[in-house]
1. Residue check: is T371 in contact with a strand residue (DSSP E or B) (Cβ under 9 Å, 6 or more places away or on another chain) and β-branched (V, I, T)?
2. If A294 meets every condition in (1) surrounded by fewer than 19 Cβ atoms within 10 Å (Cβ to Cβ); (2) over 30 Å from I148 (Cβ atoms) apart from one, which number is that one?
3. Go through (1) part of a helix (DSSP H, G or I); (2) closer than 29 Å to A287 by Cα for Q354 and report which single condition fails.
4. When residues of region 247-262 are filtered for being in contact with a helix residue (DSSP H, G or I) (Cβ under 8 Å, 6 or more places away or on another chain) and without any contact (Cβ under 8 Å) to a residue 40 or more places away in the chain, how many remain?
5. Which of (1) surrounded by 16 or more Cβ atoms within 10 Å (Cβ to Cβ); (2) of a type outside the set (A, V, I, L, M); (3) over 17 Å from A253 (Cα atoms) is the odd one out, the single condition S306 does not satisfy?
6. Confirm whether S331 is free of Cβ contacts under 8 Å to residues at least 60 places away in the same chain, surrounded by 18 or more Cβ atoms within 10 Å (Cβ to Cβ) and not charged (D, E, K, R).
7. Answer yes if at least one residue in region 368-377 is more than 18 Å from L220 (Cβ to Cβ) and assigned to a helix (DSSP H, G or I), and no otherwise.
8. Find all pairs meeting these conditions: Cβ atoms under 6 angstrom apart; at least six residues apart or on different chains; first residue within region 91-103 and surrounded by 14 or more Cβ atoms within 10 Å (Cβ to Cβ); second residue of a type in the set (A, V, I, L, M) and not in a helix (DSSP H, G or I).
Amino acid sequence: MEDIKKYPPEYANSFTVCFKYFRGTFFTLESKVSLWRQYWPLTFVILVISIHFSTMMAGVVRVILNGSGLFRNANLLPSALIILQAALKYIFLVINRRDIKSALSEIGSNWRISDISPKLVDMRSRLLKTLTSRMSVFDISVEILFVIYIFGPLAESVFRRVVLHQDFMPLLPFECVYPFTITEWWTYLTIIAIQFCSMAFTVKMYLGTDMFFATICVHLKNEFLNLQEDLSSIQPNKRVNQADSESGDPVVALKAFIVRHQRILRLTRQISLAFSQIVFINLLFTAMTICFYAIAVRTSVGAYDSISNFGSMCIIMLITLVICYISETLSEASTGIADTAYQILWYETDKSYQTLICIIIMRSQKPCVLTALEYFEISLKTFTKVLSFRLHN
């Protein structure tokens, strides 16, 4: 993602983990990319995922037709749902790429370096450091679980065949249906490679999109916190920053603040609309996926299956919690501007200053929320509803 490197390093580095995931899916925000470079790798990704998804759904149909229900190979259906969910999220991410890039460019262009208080610099640094460190830990955890999930059956098959000299059908991470019998090792390793590539692309599409959204929301929250600090510095009858007003008039400074406030509100609205479909897809699929993974955990045979299924369920729940929590804190940061405005000594000023303060308070009392399809507000209450759906089913 070369385009974002032209912005301050602190801002650009916060997207490191997200862009690491996107590189694995060949998604880019760059404007000067040839069609060949942009679409031929994506064609390979679509081909591999389509092969794996079709054989996986054939496995689901076989289990149902055999009358054994979904309790046998219970991880097939939630894995298929994850592939479908990741593909839909990726499609909408590509469709809304221009709006997302525009918002990122505006945030990066207005990244403050010199005209910012030490308090805000420290707060911003701690916020971004916490974000990057936790995302890195999450990234490592996902990689470990992915290795266990995919290569666990391969290691067991090699051990039983080479060390114990047992004659048995090699184990696969996903018991899909193929139009041939897996009898040779080269066939088995080819199937493992297809499942590995397909799920690797799926995980990168699934988590990369959500981590990208979470990082953008953190930056929007930081912008609202900057606005709170700016507003608290505009005291009546006191000279303000020269960048705000040449005359130092607090009324002029408040008008400039309102312009910046409206810009951040517009950016938040733009991001909310760009990710609205993706958030809705998350809410729609997450509850069902968690339910099926819970069934898979209960019907698991052995520690390997239990760890794999339980770990997958926890990661899905965690990423949903993160999105809901960040949306909640973004809403709180936007309404915090009203509290900051009220703490100013507005009652000791003239009517024009009081009018502007009232306008700021009235607008800030309406929370700036992220939505799914402009209907469902995303907050911690949303996460509890998702969990309640799982508990009742």
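The values are calculated or read from the model by the stated rules, or taken from the named source; none is laboratory data. Small disclaimer: the values here were computed from a predicted structure and weren't measured. We place every Cβ from the backbone using ideal geometry, glycine too, and count neighbours over all the protein chains shown.
1. Values: in contact with a strand residue (DSSP E or B) (Cβ under 9 Å, 6 or more places away or on another chain): yes; β-branched (V, I, T): yes.
Spelling it out, T371 is indeed in contact with a strand residue (DSSP E or B) (Cβ under 9 Å, 6 or more places away or on another chain) and β-branched (V, I, T).
2. Going through the list (1) surrounded by fewer than 19 Cβ atoms within 10 Å (Cβ to Cβ); (2) over 30 Å from I148 (Cβ atoms), A294 breaks only (2).
3. (2)
4. Pass one, region 247-262, residues in contact with a helix residue (DSSP H, G or I) (Cβ under 8 Å, 6 or more places away or on another chain): 250-251, 254-255, 257-258, 260-261.
In the following step, the residues that additionally are without any contact (Cβ under 8 Å) to a residue 40 or more places away in the chain were identified as 260.
Result for region 247-262: 1.
5. (1)
6. Values: free of Cβ contacts under 8 Å to residues at least 60 places away in the same chain: yes; surrounded by 18 or more Cβ atoms within 10 Å (Cβ to Cβ): yes; not charged (D, E, K, R): yes.
Judged against the criteria, S331 is a match.
7. To start, the set of residues in region 368-377 that are more than 18 Å from L220 (Cβ to Cβ) comprises 373, 375-376.
Retained after the next criterion (residues that are assigned to a helix (DSSP H, G or I)): none.
Within region 368-377 (the criterion being more than 18 Å from L220 (Cβ to Cβ) and assigned to a helix (DSSP H, G or I)), the answer is no, since none of the residues qualifies.
8. K101/L29
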